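The structure appears right after this line, and notes come after that.
The values are calculated or read from the model by the stated rules, or taken from the named source; none is laboratory data. Please read these numbers as outputs of a predicted model, since none were measured by experiment. Glycine also receives a Cβ, built like all others from the backbone with ideal geometry; neighbour counts cover every protein chain displayed. Each accessible area value is taken on the protein alone, full model and side chains, heavy atoms only, with ligands, DNA and RNA left out. Shrake-Rupley method; radii C 1.70, N 1.55, O 1.52, S 1.80 Å.
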Amino acid sequence: TPRVGVTAQVPSVQGLTVRASYGEGFKAPELSDLFGATAFSASGGIDYYGCQLNNIELSKCPNQQFNTYIGSNPDLKAENSSSYSLGVEYDFSDNWQAALTYFNLELEDAIAITSAQDQLDVDYQTGGNNPNVVRIGAAVQSISAGYQNAVVPVERNGVDLTVNGMIETKYGRFMVGGDISHYLNYDEEVSYGTGDLYNAAGTLGFTKWRANALVRWSMDDYFASLSWNYIGASESNESGEEFPQWDVFNARVGYDLGERGTVGLTVRNLFDRDPLLDDGEMVNEYIYDLSGRVVTLTYSVEM
């Protein structure tokens with residue numbers, strides 16, 4: 001990925017550095033996205049175009065199951081991106097630094113997995129001209145879903161703040177680090193294939209705020225650490241339902257035995273925080289931790 005960066009120190013302000021960078025890149029589709037196996041599913045969806053053909057009010061169009069074939073797409077194009085960032089970094093002292101960065105990413109031909117409903121929506125929007133929906137008369141015989149390229153470029157931008165430092169005391173050395181990310185804009189299509197975009201920042205799965213922090217302590221051969229992962233509040237872009245902020249702590253303590261190895265005790269989800277649920281189901285399994293408290297004892301030796 002070609003990238004150009006410029007770094008300059010500000011002469012009149014000691015410890016202040018200004019940074020800027022620009023880059024272009026591409027990501028080829030995975031082989032499984034291009035030539036993977038096809039799976040069958042009786043997927044649910046609403047056939048608005050079929051209802052239109054049958055003179056059924058769209059508000060009364062029923063949710064049905066359709067023969068859906070979900071698979072690869074040999075015609076996928078590579079994703080192309082261009083990005084730039086602007087930032088400042090300041091050294092408060094030899095042991096403490098902070099950096100503030102604005103980033104912007106534009107992505108063309110983004111690869112996404114489409115559903116049966118996505119394909120039905122495209123068929124309705126194009127007046128029945130979606131080749132991935134096969135009909136006999138008004139009735140849907142089959143739907144081909146799976147990997148597709150986005151029809152319009154999408155843009156994402158936001159701000160990152162990072163702080164790192166170290167404190168030396170007679171009770172040991174403390175290493176402190178943390179970062180906060182805030183999305184200003186995260187483009188998503190209102191409905192696949194329309195090209196109409198909305199700002200998904202702040203909606204479920206695309207929270208505006210994410211943060212991480214880590215404190216490490218060491219003294220002689222003993223060490224310990226405590227980490228924190230924070231996910232900001234969000235809301236459903238469909239129902240408007242609000243989901244609260246969520247965070248989890250992880251801890252580790254250990255002792256260095258020198259040539260005899262290292263022993264450590266790790267506790268994930270220290271306070272046994274429940275995952276974010278909605279009527280007993282996971283709200284989003286990809287960004288919220290599914291596991292409860294997990295305790296692990298390790299012993300390692302470097303050979």
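Quick test of your reading of the structure: Val151 fulfils all but one of (1) loosely packed, with under 15 Cβ neighbours inside 10 Å; (2) farther than 30 Å from Glu108 by Cβ; (3) in contact (Cβ under 8 Å) with a residue 40 or more places away in the chain; (4) of a type in the set (A, V, I, L, M). Name the failing condition by number.
Among (1) loosely packed, with under 15 Cβ neighbours inside 10 Å; (2) farther than 30 Å from Glu108 by Cβ; (3) in contact (Cβ under 8 Å) with a residue 40 or more places away in the chain; (4) of a type in the set (A, V, I, L, M), Val151 violates only (2).
Kindly check whether there is at least one residue in the stretch 42-51 that is farther than 14 Å from Leu120 by Cβ and either touching a Ser or Thr at 6+ places or on another chain (Cβ under 6 Å) or touching a residue at least 60 places away in the same chain (Cβ under 8 Å) (or both).
No, the stretch 42-51 contains no residue that is farther than 14 Å from Leu120 by Cβ and either touching a Ser or Thr at 6+ places or on another chain (Cβ under 6 Å) or touching a residue at least 60 places away in the same chain (Cβ under 8 Å) (or both).
List the number of the failed condition for Thr101; all other conditions in (1) among the hydroxyl-bearing types (Ser, Thr, Tyr); (2) under 29 Å from Leu184 (Cβ atoms); (3) open to solvent by less than 40 Å² (accessible area, probe 1.4 Å) hold.
Checking Thr101 against (1) among the hydroxyl-bearing types (Ser, Thr, Tyr); (2) under 29 Å from Leu184 (Cβ atoms); (3) open to solvent by less than 40 Å² (accessible area, probe 1.4 Å), the one that fails is (3).
What are the residues in the stretch 104-148 that are open to solvent by less than 50 Å² (accessible area, probe 1.4 Å), of a type in the set (Val, Ile, Thr) and farther than 30 Å from Gly23 by Cα, if any?
Those that are open to solvent by less than 50 Å² (accessible area, probe 1.4 Å), of a type in the set (Val, Ile, Thr) and farther than 30 Å from Gly23 by Cα: Val122, Val133, Val140, Ile143.
Looking at the stretch 12-31, which of its residues are more than 20 Å from Ala110 (Cα to Cα) and among the basic types (Lys, Arg)?
Arg19
Restricted to the stretch 245-293, and to residues that are outside any loop (DSSP other than H, G, I, E, B) and of a type in the set (Lys, Arg), which residue is modelled with the highest pLDDT?
Only one residue tops the list, namely Arg252.
Kindly indicate the residue of the stretch 142-165 that is part of a strand (DSSP E or B) and among the hydrophobic types (A, V, I, L, M, F, W, C) and also farthest from Asp118 (Cα to Cα) among those meeting that condition. Can you show your working first?
Pass one, the stretch 142-165, residues part of a strand (DSSP E or B): 142-149, 154-165.
Among the residues that remain, those that are also among the hydrophobic types (A, V, I, L, M, F, W, C) are: 143, 145, 154, 159, 161, 163.
On the way: Ile143: 10, Ala145: 8, Val154: 18, Val159: 32, Leu161: 37, Val163: 42 Å.
Here the answer is Val163.
Report, by residue number, each residue of the stretch 166-204 that is outside any strand (DSSP E or B) and crowded, with 16+ Cβ neighbours inside 10 Å.
Tyr192, Gly193, Ala200, Ala201, Gly202, Leu204
Please give the number of the condition Met175 fails out of (1) at pLDDT 95 or above; (2) within 27 Å of Gly193 (Cβ to Cβ).
Exception for Met175: condition (2).
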